[in-house]
1. If you take just the helices (runs of 4 or more DSSP H) that sit entirely in the stretch 63-140, which of them hold at least 2 residues that are within 20 Å of L43 (Cβ to Cβ)?
2. Answer with yes or no whether V138 is at pLDDT below 95 and of a type in the set (A, V, I, L, M, F, W, C).
3. Just to be sure before I move on: is S108 in contact (Cβ under 8 Å) with a residue 40 or more places away in the chain, over 19 Å from the mean Cα position of the chain (by Cα) and surrounded by 15 or more Cβ atoms within 10 Å (Cβ to Cβ) in the structure I sent?
4. Just give me the residues in the stretch 149-185 being crowded, with 18+ Cβ neighbours inside 10 Å and either part of a loop (DSSP other than H, G, I, E, B) or basic (K, R) (or both), in sequence order.
5. Out of F184, F112, F170, report the one residue that is over 30 Å from E9 (Cβ atoms) and of a type in the set (F, W, Y).
6. Given the condition within 22 Å of F63 (Cβ to Cβ) and touching a strand residue (DSSP E or B) at 6+ places or on another chain (Cβ under 8 Å), answer yes or no: does some residue in the stretch 144-157 qualify?
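The values are calculated or read from the model by the stated rules, or taken from the named source; none is laboratory data. All values reported here derive from a predicted model rather than from experimental measurement. Cβ placement follows ideal geometry from the backbone for every residue including glycine, while neighbour counts extend to all protein chains displayed.
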Amino acid sequence: MIVFKDLPEVEPYQQFQKDYLDAEKANQPLIHAVAISSFNKTLNEVESRFVNLKYVEGEEWIFFSNYNSPKAKSFQSHDQISAMFYWSTTNVQIRMKANIKETNKDRSDEHFQSRQKEKNALAIASNQSQRISSFETVKSKFTETLENADLGKRPDYWGGFSFTPYYFEFWRGSDFRLNHRNAFSKVEDGWESSILEP
């Protein structure tokens, strides 16, 4: 589930919310899953991964992660990303290009304190994406943290990321690949819309 707050009264944001609600009514699984692609300038590599989008607040699209993770290092080395949703129940794909940054500490604290204690235990215990000898190591650290740590205190290495789109493309699948594609580009005085060939 994505929480919307103070959504701009402009077409791409309103269209996204409409498509989201349509997919929600159609019982789309993992409706909040968004693929984020980034470029790690240091390694000269492009990487993609799914994250759980939690909030759209104003023009900010917010998810949370480990600040020491490979994706965080990508964002730090190059602050442009692409993001993509695909909702199979309505056959809609939404692409975005955006700039990304860390959220402020208060926003990260607020979200951390709203989560299940088990999720917080894992966030505290995990050195995300680091190699380990066995999965038992993870389970042991998780159990120890769950039993002994202050699960309401957010660690400095965990928090939010916020991306602000400057481009949207709404793709609607149709028979014979006669797909409808509508794009929006941010310009100085608002958004410029265009229709793209399939």
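1. 70-77
2. yes
3. no
4. L151, R154
5. Residue meeting the stated conditions: F112.
6. Yes: the stretch 144-157 contains one or more residues that are within 22 Å of F63 (Cβ to Cβ) and touching a strand residue (DSSP E or B) at 6+ places or on another chain (Cβ under 8 Å).
For every residue, the table says whether it meets (1) part of a helix (DSSP H, G or I); (2) of a type in the set (S, T, Y); (3) at pLDDT 95 or above.
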position: P8; (1), (2), (3): no, no, yes
position: P12; (1), (2), (3): yes, no, yes
position: D19; (1), (2), (3): yes, no, yes
position: D22; (1), (2), (3): yes, no, yes
position: Q28; (1), (2), (3): no, no, yes
position: V34; (1), (2), (3): no, no, yes
position: S38; (1), (2), (3): no, yes, yes
position: R49; (1), (2), (3): no, no, yes
